[in-house]
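Asker: Let me begin by handing over the structure; questions about it come next.
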Amino acid sequence: MTTRSLLAPARHLSREECEAITKRALSFAAADETRVVVNSTNVSNTRFAVNQISTGGDAFDSVVTVISRFGKRSGSSSTNQLDDDGLRAVVQTSERVAKLSPEDPEAMPELGPQTYRSGVNWSDATASLDPDARARAVKQIAEPAKTAGMVSTGFMEAITGAQAIANSNGLFAYNRSTASVLTTTVRTNDGTGSGWAGATHHDWSRIDPASLGARATRKARSSVNPVAIEPGRYTVVFEPTAAGNLVQFIARALNARSADEGRSFFSLPGGKNKIGQKVVDERVTIVSDPYDPDVAASPFSGEGMPTQRVAWIENGVVKNLDYDRYWAQRQNRAPTAAGSSIRMSGGSASLDDLIAGTRRGLLVTRFWYLRPVDQRTILYTGLTRDGTYLIENGKVTKPVKNLRFNDSPIFMLNALEELGVPERVSASEGGEPGQAIMVPPIKVRDFNFTSLSDAV
Amino acid sequence: MGQTRREFIKSTTAALSVAGFAAHSTTGRSATDALVSPPQSPYSPLVAAEPNVKELAAVALEAAKSAGAGYADVRFVRNRNQNVSTREQRVTNVADNETYGFGVRALVDGAWGFAASRELTRDEVARTARQAVAQARANRSALVRPVVLAPAPVVANGTWKSPIETDPFDVAIEEKAALLLEANKAALAVKGARFVNSSMFFLREEKTFASSEGSMTFQVIYRTQPSMTVTAVGSGDFATRESNEVAPRGLGYEHVRDAKLLENAPKWADEAVQKLNARSVDVGRYDLVLHPSHLWLTIHESVAHPTELDRAMGYEANYAGTSFVSPPEKVLGTLKYGSELMNIRGDRTQPGSLSACGWDDEGVKPEDFDIIRKGTFVDYQTTREQALWLDWYYKKLGRPTRSHGCSYAQTWAAVQFQRMPNVSLLPGAKDLGWDDLIAATDRGIAIIGDGSFSIDQQRYNAQFGGQVFYEIKGGKIVGMLKDVAYQMRTPDFWASLDMVGGARSYFLGGAFGDAKGQPVQVNAISHGAPVTRFRNINVINTGRSA
């Protein structure tokens, strides 16, 4: 029996529906200025554990957020009840909240109408995935794992969504987007070996489940019976995922205001910041470009500003920090509106080349439980996981026990040996699509490991 | 204090029952009435549009059954939250949000399916139920071990409400903003304190659960969190102090008043300034005197997570991880987890705790249960599906095989699964307090508040920071330290526990952000503890200049 007839396709609100909803909401508004944001998403997922599907789900939601402003007083409210009663009520709540709020000296007026490029983060292949297609993808991992006597666990998620912003000045922005991700952890039956592989892209057809399963299985097999090494400073080859796990923290620390206020790595004494200063090796360039097809992002910001390409670090030098509209005006800069994705520069070497050029060092697949320790240096702690190996004389020779590190991506990119070819990676710990990030495999000196873990 | 540990928990449980009962009887209205026809709050005009939930629940269950589900349940959840955030003398955000929808879970031949929607019409409810069944059928194709549910008593018409005194949504926004701004002013009056952020977050969740077995429950759950962070900036350096002795609670606006932000702000600001000039710690081994505002997070990471049964069985291997407390047949009743002073209990009954509820998200009344008794591991956290995995153990003990009531979903849009309840360290019989433990310590560090935290995927190797660190010498605090973090291996750390405070030193910490599952769902939990001392723990220095 076919189940297809019962399955609605992934849903999202069209441009016309969003226009109708935002117009309707704005017609109920009495504030000096009003912004209406619509987020419509269909999130579907399939989880598998111990070689079988454990849960699968599908949730469709559309949320309308209203931001109201009377003079310098503002408030906001959101709802997912989109009929007239719901929209009228959410506008009224937002306006009531605004009137009750104190004046905000930093209030900024709503933008006027803007011109946008079309977003490039939509894929029909992702939007058309249904539960059967997801189950087939999972089976491409679970069945070979089971045959090989291994235990596979993992997660696949497809998101189809639309976002719209409209305001009382006549601004209207609409974009639809997709995201997909598949990650798997394969363990040996006795739990003495564990390997991971994962991929994410807005276009599901760019993800190959069978090869991810095979890679995770290889890592699980080769990580059995790890040896203990002394914690300390090591030359490390980070696979692209591990590199992405760490490099993304630089992107999160780019707030200009925190820097100017003296409470960031990018601060300089006297209310200054590090724009123009060299902070990492000159081979390092980090940019956000919402129209980069490998790491596409939304064509507009939450306020409706068109997003644009921004170079944060160029040849090791800080070029830009992230300015919101208020801080930009105050500091006499342009607001940034960069979009959420990042791409880091690379070289021409493959991962194998980086390994081959290493006399003694460690190879890290990915990190886990990364948490900030000291914001002054972007210092983080965390542990290696699911495939950590010793490199001797250009070859991976044996698995090593997992290690905890205390170090900063800034120190790491100052001790740079070599960069490889950038790849799109799944760098979020939770296995959600996360921030779109392209990052190369990276080889560095003197990375600081502080203790061993018995965890497999 | 002559109270035993068991009596301590019992007396707090009794207090909750009384409070919950009184709340209903004084208004003369059951929580069921309150849910279907709640009082008009000035900020919630939507509630008048409440559809008939009972009728829609019947539609969902009927549609799931006719589509072939052997078991189905449905949750209707209306979630209202409000956030007021400030920095210095500015209100940066005031938001009042509401989301309402339902999720259907269906079991077909031992495979789960789930679907959710925000459209509360009969047609959409039926469509979503059929979609859940279709999901289950698709999932069945890769089935190895069919799901079987442990029996649970049918609850025909259960009602429960958090024991609140003042509904936070009835308190005016101006009053909330004024309190925060005044507290900020008090913090900034301290010389050297440059920035302050403060906020209040409130949640009210109205939840209806119905199952094809005939259970139906109505619950209204509240959560409240006031908080403040003060930043001091010195010559090219900065330090922050978070108010995390003020824990989030399952209470109403009275919890904000009890937090005394205005009175505490100068102390937090002063400590942020002191941290700038504190001595950087010398690495080495120290005895640690840990305040419960710190230890709750260590309990969360090193005890509560590894004793989740799905994790121990490999179901969370791809994200949250597995567990060193595994396999069950080799560790239940035998694994030495810590010293004889270590007694750990799971509960969803402590009054004002974040996990407190009448029934979990599969309609099971939660029970208080021992997880670790005198240092030995004795039980896991379970749901209906999981309890049967331990049937052999409960039979051996002569106990019924039933769920401990640990099923939870973060919203209507997410499927329920095993989540930790409150997991707490029980106080000792002796009436020892903070000062007693410091006086008994020759060379140590006292830690207040939680800070940076990280633990491996099997919960062996962990590292924890804190908010404020004091050096102890010869039984006295001799000054403040900074750049302190301790590294530990879970069983060794808990084996070194050699002093626990009495019931008077007991405090409930906790958080909204307990993360697990894929897609990641967050769970709100409290962890209680008395003051404690751990011997000879490895301390590292986390300071480094850029």
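The values are calculated or read from the model by the stated rules, or taken from the named source; none is laboratory data. None of the values given here were measured: they were computed from a predicted structure. Positions of Cβ are generated from backbone atoms using ideal geometry, with glycine treated the same way; all protein chains shown enter the neighbour counts.
Asker: For segment B:236-245, does any single residue satisfy the condition of being over 30 Å from B:Ala58 (Cα atoms), within 19 Å of the chain's Cα centre (by Cα) and assigned to a helix (DSSP H, G or I)?
Answerer: no
Asker: For B:Tyr460, only one of the following conditions fails: (1) modelled with pLDDT under 95; (2) within 24 Å of B:Leu354 (Cα to Cα). What is its number?
Answerer: Exception for B:Tyr460: condition (2).
Asker: Regarding B:Ala259, is this residue under 18 Å from B:Thr166 (Cα atoms), among the aliphatic types (A, V, I, L, M) and at pLDDT 95 or above?
Answerer: For B:Ala259, the condition - under 18 Å from B:Thr166 (Cα atoms), among the aliphatic types (A, V, I, L, M) and at pLDDT 95 or above - is met.
Asker: Applying the selection to segment B:85-109, what residues are more than 8 Å from chain A (Cβ to nearest Cβ) and either free of Cβ contacts under 8 Å to residues at least 40 places away in the same chain or hydroxyl-bearing (Ser, Thr, Tyr) (or both)?
Answerer: Result: B:Ser85, B:Thr86, B:Asp109.
Asker: I would also like to ask the following. Taking A:Arg47, is it without any contact (Cβ under 8 Å) to a residue 60 or more places away in the chain, within 13 Å of chain B (Cβ to nearest Cβ) and basic (Lys, Arg)?
Answerer: No; evaluated as a whole, the condition is false for this residue.
Asker: Something else: Which condition number does B:Phe169 fail, the rest of (1) closer than 30 Å to A:Ile53 by Cα; (2) in a helix (DSSP H, G or I) being met?
Answerer: If we test B:Phe169 against (1) closer than 30 Å to A:Ile53 by Cα; (2) in a helix (DSSP H, G or I), just (1) comes out false.
To keep it simple, each residue is scored yes or no on (1) in a helix (DSSP H, G or I); (2) among the aliphatic types (A, V, I, L, M).
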position: A:Ser78; (1), (2): no, no
position: A:Ala89; (1), (2): yes, yes
position: A:Pro109; (1), (2): no, no
position: A:Leu129; (1), (2): no, yes
position: A:Ala135; (1), (2): yes, yes
position: A:Lys146; (1), (2): yes, no
position: A:Ala162; (1), (2): no, yes
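Asker: Look at B:Glu362 and say whether it is of a type in the set (D, E, K, R), assigned to a loop (DSSP other than H, G, I, E, B) and without any contact (Cβ under 8 Å) to a residue 60 or more places away in the chain.
Answerer: No.
Asker: Regarding segment A:385-397, can at least one residue be identified that is surrounded by fewer than 24 Cβ atoms within 10 Å (Cβ to Cβ) and either among the basic types (Lys, Arg) or within 28 Å of A:Asp203 (Cβ to Cβ) (or both)?
Answerer: Checked segment A:385-397: at least one residue is surrounded by fewer than 24 Cβ atoms within 10 Å (Cβ to Cβ) and either among the basic types (Lys, Arg) or within 28 Å of A:Asp203 (Cβ to Cβ) (or both).
Asker: Assess whether B:Asp258 counts as being surrounded by fewer than 18 Cβ atoms within 10 Å (Cβ to Cβ) and either touching a Gly at 6+ places or on another chain (Cβ under 7 Å) or within 14 Å of chain A (Cβ to nearest Cβ) (or both).
Answerer: Considered against the rule, which asks whether it is surrounded by fewer than 18 Cβ atoms within 10 Å (Cβ to Cβ) and either touching a Gly at 6+ places or on another chain (Cβ under 7 Å) or within 14 Å of chain A (Cβ to nearest Cβ) (or both), B:Asp258 comes out as no.
Asker: Right, something else. Looking at A:Gly170, A:Gly193, can you tell me which residue is in contact (Cβ under 8 Å) with a residue 12 or more places away in the chain, out of contact with any strand residue (DSSP E or B) (no Cβ under 6 Å at 6 or more places or on another chain) and crowded, with 23+ Cβ neighbours inside 10 Å?
Answerer: Criteria check complete, one pass: A:Gly193.
Asker: Separate question: When the residues of segment A:88-110 are narrowed to those that are charged (D, E, K, R) and within 7 Å of another protein chain (Cβ to nearest Cβ), which ends up surrounded by the fewest Cβ atoms within 10 Å (Cβ to Cβ)?
Answerer: Restricting to residues being charged (D, E, K, R) and within 7 Å of another protein chain (Cβ to nearest Cβ), the top hit is A:Glu106.
Asker: Right, next: In segment B:448-521, which strands (runs of 3 or more DSSP E) lie fully inside it and hold 2 or more residues that are within 14 Å of chain A (Cβ to nearest Cβ)?
Answerer: Because the criterion is at least 2 residues that are within 14 Å of chain A (Cβ to nearest Cβ), the strands (runs of 3 or more DSSP E) in segment B:448-521 that meet it are B:461-473, B:484-489, B:507-516.
Asker: With respect to A:Gly387, determine if the residue is within 14 Å of another protein chain (Cβ to nearest Cβ), within 16 Å of A:Ala199 (Cβ to Cβ) and of a type outside the set (A, V, I, L, M).
Answerer: yes
Asker: Can you name the residue in segment A:55-83 that is at the interface with chain B (Cβ under 7 Å from one of its Cβ atoms) and free of Cβ contacts under 8 Å to residues at least 12 places away in the same chain and is also farthest from B:Asn139 (Cα to Cα) among such residues?
Answerer: A:Gln81
Asker: When you look at A:Ile141, is it within 13 Å of another protein chain (Cβ to nearest Cβ) and either buried (at least 22 other Cβ atoms within 10 Å of the Cβ) or assigned to a helix (DSSP H, G or I) (or both), yes or no?
Answerer: For A:Ile141, the condition - within 13 Å of another protein chain (Cβ to nearest Cβ) and either buried (at least 22 other Cβ atoms within 10 Å of the Cβ) or assigned to a helix (DSSP H, G or I) (or both) - is met.
Asker: Here's something else I'd like to know. Out of A:Val97, A:Val186, A:Val181, I need the residue that is at pLDDT below 95 and β-branched (Val, Ile, Thr). Which one?
Answerer: It is A:Val97.
Asker: Quick check on A:Asp386: is it farther than 28 Å from A:Ser288 by Cα and among the charged types (D, E, K, R)?
Answerer: yes
Asker: Taking the residues in segment B:371-389 that are surrounded by 19 or more Cβ atoms within 10 Å (Cβ to Cβ) and more than 18 Å from B:Asp310 (Cβ to Cβ) as candidates, determine which candidate is nearest to the chain's Cα centre (by Cα).
Answerer: B:Ile372
Asker: I'd like to check something: does segment A:243-250 contain any residue that is out of contact with any strand residue (DSSP E or B) (no Cβ under 9 Å at 6 or more places or on another chain), in a helix (DSSP H, G or I) and aliphatic (A, V, I, L, M)?
Answerer: no
Asker: Looking only at residues in segment B:60-84 that are more than 11 Å from chain A (Cβ to nearest Cβ) and assigned to a strand (DSSP E or B), which one is surrounded by the fewest Cβ atoms within 10 Å (Cβ to Cβ)?
Answerer: B:Tyr71
Asker: Just need a number here: residues in segment B:110-165 that are more than 9 Å from chain A (Cβ to nearest Cβ), over 19 Å from B:Asp360 (Cβ atoms) and either surrounded by fewer than 21 Cβ atoms within 10 Å (Cβ to Cβ) or without any contact (Cβ under 8 Å) to a residue 60 or more places away in the chain (or both).
Answerer: So the answer is 8.
Asker: If you don't mind, there's one more thing I want to ask. I need the strands (runs of 3 or more DSSP E) fully contained in segment A:286-372, keeping only those with at least 3 residues that are surrounded by fewer than 22 Cβ atoms within 10 Å (Cβ to Cβ) and at pLDDT 95 or above.
Answerer: Result: A:310-314.
Asker: So if I check each of B:Thr322, B:Thr307, which one is β-branched (Val, Ile, Thr) and touching a helix residue (DSSP H, G or I) at 6+ places or on another chain (Cβ under 7 Å)?
Answerer: Just one listed residue meets the conditions, B:Thr322.
Asker: Which count do you get for residues in segment B:287-323 that are away from chain A (no Cβ under 11 Å), surrounded by fewer than 23 Cβ atoms within 10 Å (Cβ to Cβ) and not in a helix (DSSP H, G or I)?
Answerer: The number of residues fulfilling the criteria is 1.
Asker: While we're on this one: One residue is enough: does segment B:192-201 have a residue meeting the conditions out of contact with any strand residue (DSSP E or B) (no Cβ under 7 Å at 6 or more places or on another chain) and in a loop (DSSP other than H, G, I, E, B)?
Answerer: no
Asker: Which is among the hydrophobic types (A, V, I, L, M, F, W, C), at pLDDT 95 or above, over 30 Å from A:Gly149 (Cα atoms) and buried (at least 17 other Cβ atoms within 10 Å of the Cβ), of A:Ala31, A:Ala20, A:Ala10, A:Ala59?
Answerer: It is A:Ala31.
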